[in-house]
1. Evaluate the following for residue 154: is it under 22 Å from the mean Cα position of the chain (by Cα), farther than 19 Å from residue 291 by Cα and modelled with pLDDT of 95 or more?
2. Taking the stretch 163-175, which residues are surrounded by fewer than 23 Cβ atoms within 10 Å (Cβ to Cβ) and more than 29 Å from residue 218 (Cβ to Cβ)?
3. If you check residue 291 against the conditions, is it part of a loop (DSSP other than H, G, I, E, B), assigned by TED's automatic domain parsing to the domain that holds residue 184, touching a helix residue (DSSP H, G or I) at 6+ places or on another chain (Cβ under 8 Å) and surrounded by fewer than 24 Cβ atoms within 10 Å (Cβ to Cβ)?
4. Looking only at residues that are without any contact (Cβ under 8 Å) to a residue 24 or more places away in the chain and out of contact with any strand residue (DSSP E or B) (no Cβ under 6 Å at 6 or more places or on another chain) in the stretch 230-253, which one is surrounded by the most Cβ atoms within 10 Å (Cβ to Cβ)?
5. So for the stretch 239-262 (the condition being over 18 Å from the mean Cα position of the chain (by Cα), within 18 Å of residue 173 (Cα to Cα), at pLDDT 95 or above and assigned by TED's automatic domain parsing to the domain that holds residue 188), does at least one residue qualify?
6. Within the stretch 176-210, restricting attention to residues that are over 14 Å from residue 255 (Cα atoms) and out of contact with any helix residue (DSSP H, G or I) (no Cβ under 7 Å at 6 or more places or on another chain), which residue is surrounded by the fewest Cβ atoms within 10 Å (Cβ to Cβ)?
7. Quick one: residue 160 ticks every box in (1) surrounded by fewer than 18 Cβ atoms within 10 Å (Cβ to Cβ); (2) in contact with a strand residue (DSSP E or B) (Cβ under 9 Å, 6 or more places away or on another chain); (3) without any contact (Cβ under 8 Å) to a residue 40 or more places away in the chain except a single one, so which number is it?
């Protein structure tokens with residue numbers, strides 16, 4: 001239901017509060033409630049019960065709507081599910097199926113980005129962007145504590161290239177979120193983050209939602225020269241960032257207002273600093289999205305497989321990460337098509353949370 005429906009339901013309960021019903025009914029039948037005969041008392045009692053039931057019913061509707069809206073906000077509004085596997089992020093070969101249709105899809109097991117960890121971790125820790133204890137606790141609470149290699153990335157740095165797989169996708173999401181948040185770049189200083197913030201840039205999920213620092217957001221936002229770019233590199237970065245979308249919202253990476261957008265910005269900045277082309281950045285975004293949004297990517301690949309038989313590896317990165325496919329509105333269109341053509345099993349989809 002929409003907001004007008006919610007407002008209408010609320011008005012029905014507010015006009016006749018339950019505690020005033022007895023007085024109202026007593027006035028209508030012209031009786032003193034303390035001196036009712038049996039028939040009148042029964043009539044009043046019946047009307048009172050009906051009025052209370054109506055009020056409780058309206059309240060139930062309002063609460064149901066509120067819960068639905070809250071769940072939709074937290075899980076970015078998807079209903080239905082691709083019948084892949086219980087934990088789609090843990091498998092690369094999946095089936096999208098129900099009683100009428102079956103599609104075999106293949107997602108990547110891993111991908112190596114053409115960038116190195118270098119000293120990013122120690123720089124982020126030293127500047128207070130990452131509080132190592134707070135960062136580690138996030139993973140301990142989820143039952144997946146940081147590995148010795150991941151701790152070394154934070155505390156010592158690493159000469160290894162950044163490689164993403166099912167096991168470290170969440171680590172990289174938060175690590176690259178910190179990179180994107182802290183790196184000094186015109187995208188954060190002059191772009192939509194400033195234009196849409198009314199001077200309160202910390203109000204976004206990608207800023208105010210970063211709770212793993214030892215310093216306030218204002219002291220770390222776009223403060224470090226982690227990936228300095230020349231004019232040509234900056235132009236390529238902004239071109240790529242404007243083309244890469246995410247299904248948790250309708251904004252491109254150029255407006256990184258959530259954690260996924262900020263992490264993607266960090267990744268693209270690191271690539272731009274190594275002279276990556278726009279197409280190379282889009283290809284990297286295609287693979288990052290496959291690990292950060294495995295459920296949604298499964299559906300998108302299933303859609304293309306149903307249309308043409310193409311698999312993930314065959315699909316053009318520019319299309320796969322673009323507005324018509326991987327934005328919130330673009331994904332909804334694909335999700336709807338899958339449902340209408342018998343490829344969804346009807347169970348709620350697991351959304352991507354925009355938090356640590």
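1. For residue 154, the condition - under 22 Å from the mean Cα position of the chain (by Cα), farther than 19 Å from residue 291 by Cα and modelled with pLDDT of 95 or more - is not met.
2. Answer for the stretch 163-175, where residues must be surrounded by fewer than 23 Cβ atoms within 10 Å (Cβ to Cβ) and more than 29 Å from residue 218 (Cβ to Cβ): 163, 165, 166, 167, 168, 169.
3. No.
4. Restricting to residues being without any contact (Cβ under 8 Å) to a residue 24 or more places away in the chain and out of contact with any strand residue (DSSP E or B) (no Cβ under 6 Å at 6 or more places or on another chain), the top hit is 235.
5. No, every residue in the stretch 239-262 fails to be over 18 Å from the mean Cα position of the chain (by Cα), within 18 Å of residue 173 (Cα to Cα), at pLDDT 95 or above and assigned by TED's automatic domain parsing to the domain that holds residue 188.
6. Across the stretch 176-210, the extreme among qualifying residues is 199.
7. (3) is the only condition that residue 160 fails.
The values are calculated or read from the model by the stated rules, or taken from the named source; none is laboratory data. Every value quoted in this text rests on a predicted model; they were computed, and no experiment measured them. Counting neighbours? That spans all protein chains shown, and the Cβs are built from the backbone with ideal geometry, glycine included.
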